[in-house]
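Visitor: Okay, handing you the structure first.
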Amino acid sequence: MSLFSYDTIKKVLFKCDPESAHALAGFGFSILEKCPIIRKITSKCFTYEDAILSQELFGTLFKNPIGLGAGFDKNAQYIKAIQTLGFGYTEIGTITPKPQSGNAKPRLFRLIKERSLQNAMGFNNDGMDVIAKRVAKYDNFAFPIGVNIGKNKVTPEDKALSDYEILLKNLSTFGHYVVINISSPNTPGLRDLQNEAFVTQLFTTAKKITQKPILLKIAPDMSEEDALTLCKLALDAGGSGIVATNTTIDYTLSDEAKDFGGISGKLLKEKSRAIFKAVGKEFYDKTLLISVGGIDNAKEAYERIKDGASLVQIYTAFIFKGPYLCKNINTELAELLKADGYTNISQAVGAHWKK
Ligand SMILES: Cc1cc2nc3c(=O)[nH]c(=O)nc-3n(C[C@H](O)[C@H](O)[C@H](O)COP(=O)(O)O)c2cc1C
């Protein structure tokens, strides 16, 4: 019997509208964040450690490959709490230059039968100045942090580059890697920046500003050919990796889907996996790849790793399955690796493509 029943907590949380539930969970996270004794107990309950899962990437130790996807801790308020829930790393943001409140509510919906979410949050966040102060405290923190950045809604497309420049100048001293987000469906025109000219200009400019590894996060709603072209341009211009994928705007996936926002979770799994597979086949031995989209168990995580992912992320499954998820995935993943004769996870990265 487990000490902690997420089913009971979920019953309460799922009675609230999704955004209130997120706020309620945030309250719990903030208590955890502030209280070292509770964190110690939580860590004991929810963390699984095994050297087979640990890797040094970007010069940093990742104790396990499961990260919390961007958008959960947009304002960098829960970093220590997230660590105690068994994650190997986290990604804060998306952070914009100026604070913004995001799109009108309601903007977050559950597709319960399909274990999926649909969100149109629109980068609600406290803005880079406030978040920079918060995250500065984690300077030598032994828990890898990705910093996910995006342009403000009011910034016109032809000024988008200057938003990313300002974000990189102010934020890239923090965290262990930076993710450039031009793939959210919830900022009008943002995905139009996923074009060859902008990506080349963006990464060329970014490399002049910072030595930090910079990754591109791509959408699942493009052809594999377009995705590969975009990734190659980012990498050729100095990018250090790819995060695939963001949410999908394929509203045909569910009869209950709204016609706005992005779908995540189980409904996204096939699309995200397909794009990732193509990206993995092409780049697994050339750069660092993070797979995200519909991952909810160890076998799925392991498939993504064998497709080329050094790291994976989860978001929606964490909402549906609760805080034992990382521990469960990591425990089974270690068993799967051992059963296949590996002594470290890094040996399995891209195994599908190795001869
Ligand atoms: C409520 C919500 C908010 C999100 N906000 C962001 C965000 O600010 N930036 C970003 O890059 N991705 C954001 N995402 C996308 C996730 O990071 C992830 O790419 C996507 O949900 C697919 O993973 P999943 O199926 O495990 O949820 C958000 C997702 C959800 C559900």
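The values are calculated or read from the model by the stated rules, or taken from the named source; none is laboratory data. From a predicted model like this one, the values you see are computed outputs, not experimental measurements. All Cβ positions, even for glycine, are placed from backbone atoms using ideal geometry, and neighbour counts span all protein chains on display.
Conditions (1) within 25 Å of GLN55 (Cα to Cα); (2) within 12 Å of the ligand (Cβ to nearest atom); (3) among the polar types (S, T, N, Q); (4) crowded, with 22+ Cβ neighbours inside 10 Å, marked per residue:
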{"site": "LEU233", "(1), (2), (3), (4)": "no, no, no, no"}
{"site": "THR245", "(1), (2), (3), (4)": "yes, yes, yes, yes"}
{"site": "PHE283", "(1), (2), (3), (4)": "yes, no, no, no"}
{"site": "LEU289", "(1), (2), (3), (4)": "yes, no, no, yes"}
{"site": "VAL292", "(1), (2), (3), (4)": "yes, yes, no, yes"}
{"site": "ASP296", "(1), (2), (3), (4)": "yes, yes, no, no"}
{"site": "ALA309", "(1), (2), (3), (4)": "yes, no, no, yes"}
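Visitor: Looking for whichever is more than 30 Å from VAL12 (Cα to Cα) and of a type in the set (Val, Ile, Thr) here; the options are THR343, THR247. Which one fits? Working first, answer last.
Guide: Numbers: THR247 fails: more than 30 Å from VAL12 (Cα to Cα).
Just a single option satisfies the conditions, and that option is THR343.
Visitor: While we're here: Please go through region 172-183 and pick out each residue that is among the hydrophobic types (A, V, I, L, M, F, W, C) and within 14 Å of the ligand (Cβ to nearest atom). Let's see the steps before the verdict.
Guide: Of all residues in region 172-183, those among the hydrophobic types (A, V, I, L, M, F, W, C) come to 174, 178-180, 182.
Residues satisfying the conditions are VAL178, VAL179, ILE180, ILE182.
Visitor: On to the next question. Would you be able to tell me the number of residues in region 178-237 that are in contact with a Ser or Thr (Cβ under 7 Å, 6 or more places away or on another chain), basic (Lys, Arg) and farther than 17 Å from GLU157 by Cβ?
Guide: Residues in region 178-237 being in contact with a Ser or Thr (Cβ under 7 Å, 6 or more places away or on another chain), basic (Lys, Arg) and farther than 17 Å from GLU157 by Cβ: 2 in total.
Visitor: Are there any pairs, at least 6 apart or on different chains, whose C-beta atoms fall under 7 Å, with the first in region 114-127 and part of a loop (DSSP other than H, G, I, E, B) and the second more than 9 Å from the ligand (Cβ to nearest atom) and β-branched (Val, Ile, Thr), and if so, which?
Guide: GLY122/THR187; PHE123/THR96; PHE123/THR187; GLY127/THR96
Visitor: Sort out which residues of region 81-109 are of a type outside the set (A, V, I, L, M), more than 11 Å from the ligand (Cβ to nearest atom) and touching a residue at least 60 places away in the same chain (Cβ under 8 Å), and write them in order of number.
Guide: GLN83, GLY86, PHE87, GLY88, TYR89, PRO97, ASN103, LYS105, PRO106
Visitor: Moving on. For LYS151, all conditions in the list (1) of a type outside the set (S, T, N, Q); (2) surrounded by fewer than 24 Cβ atoms within 10 Å (Cβ to Cβ); (3) under 19 Å from the mean Cα position of the chain (by Cα) hold save one; what is the number of the exception?
Guide: Tallying (1) of a type outside the set (S, T, N, Q); (2) surrounded by fewer than 24 Cβ atoms within 10 Å (Cβ to Cβ); (3) under 19 Å from the mean Cα position of the chain (by Cα), LYS151 fails exactly one: (2).
Visitor: Listed residues ALA142, ALA160; which is of a type in the set (A, V, I, L, M, F, W, C) and out of contact with any helix residue (DSSP H, G or I) (no Cβ under 8 Å at 6 or more places or on another chain)?
Guide: The match here is ALA142.
Visitor: Only one of ILE112, ILE166, ILE131 is within 24 Å of ILE319 (Cβ to Cβ) and either out of contact with any strand residue (DSSP E or B) (no Cβ under 9 Å at 6 or more places or on another chain) or more than 13 Å from the ligand (Cβ to nearest atom) (or both). Can you tell me which? Lay out the reasoning, then the answer.
Guide: Details: ILE166 fails: within 24 Å of ILE319 (Cβ to Cβ); ILE131 fails: either out of contact with any strand residue (DSSP E or B) (no Cβ under 9 Å at 6 or more places or on another chain) or more than 13 Å from the ligand (Cβ to nearest atom) (or both).
Answer to the selection: ILE112.
Visitor: Step by step: first the residues of region 191-203, then only those that are at pLDDT 95 or above and touching a strand residue (DSSP E or B) at 6+ places or on another chain (Cβ under 8 Å), then the one that is surrounded by the fewest Cβ atoms within 10 Å (Cβ to Cβ). Which residue is that?
Guide: PHE203
Visitor: Within region 26-37, can one find any residue that is of a type outside the set (Lys, Arg), closer than 30 Å to TYR342 by Cβ and free of Cβ contacts under 8 Å to residues at least 12 places away in the same chain? Working first, answer last.
Guide: Narrowing region 26-37 to residues of a type outside the set (Lys, Arg): 26-33, 35-37.
The next check asks that each one be closer than 30 Å to TYR342 by Cβ; those that pass are none.
Looking for residues that are of a type outside the set (Lys, Arg), closer than 30 Å to TYR342 by Cβ and free of Cβ contacts under 8 Å to residues at least 12 places away in the same chain, one finds none in region 26-37, hence no.
Visitor: For region 55-76, check the following and say yes or no: at least one residue is within 15 Å of the ligand (Cβ to nearest atom), over 21 Å from PHE320 (Cα atoms) and touching a residue at least 40 places away in the same chain (Cβ under 8 Å). Please lay out each step first, then the result.
Guide: To start, the set of residues in region 55-76 that are within 15 Å of the ligand (Cβ to nearest atom) comprises 65-76.
Still in the running and over 21 Å from PHE320 (Cα atoms): 75-76.
Adding the requirement that they be touching a residue at least 40 places away in the same chain (Cβ under 8 Å) leaves 75-76.
Scanning region 55-76, I find at least one residue that is within 15 Å of the ligand (Cβ to nearest atom), over 21 Å from PHE320 (Cα atoms) and touching a residue at least 40 places away in the same chain (Cβ under 8 Å), so the answer is yes.
Visitor: Continuing with the same structure: Let me spell it out: the conditions are (1) without any contact (Cβ under 8 Å) to a residue 60 or more places away in the chain; (2) exposed (fewer than 15 other Cβ atoms within 10 Å of the Cβ), and ALA51 meets all of them except one. Which number is the exception?
Guide: (1)
Visitor: Got a number for residues in region 152-206 being touching an Asp or Glu at 6+ places or on another chain (Cβ under 6 Å) and at positive phi?
Guide: Counting residues in region 152-206 that are touching an Asp or Glu at 6+ places or on another chain (Cβ under 6 Å) and at positive phi gives 1.
Visitor: Being closer than 18 Å to TYR315 by Cα and among the basic types (Lys, Arg) is the filter here, so list the residues in region 7-29 that pass it.
Guide: The one that is closer than 18 Å to TYR315 by Cα and among the basic types (Lys, Arg): LYS10.
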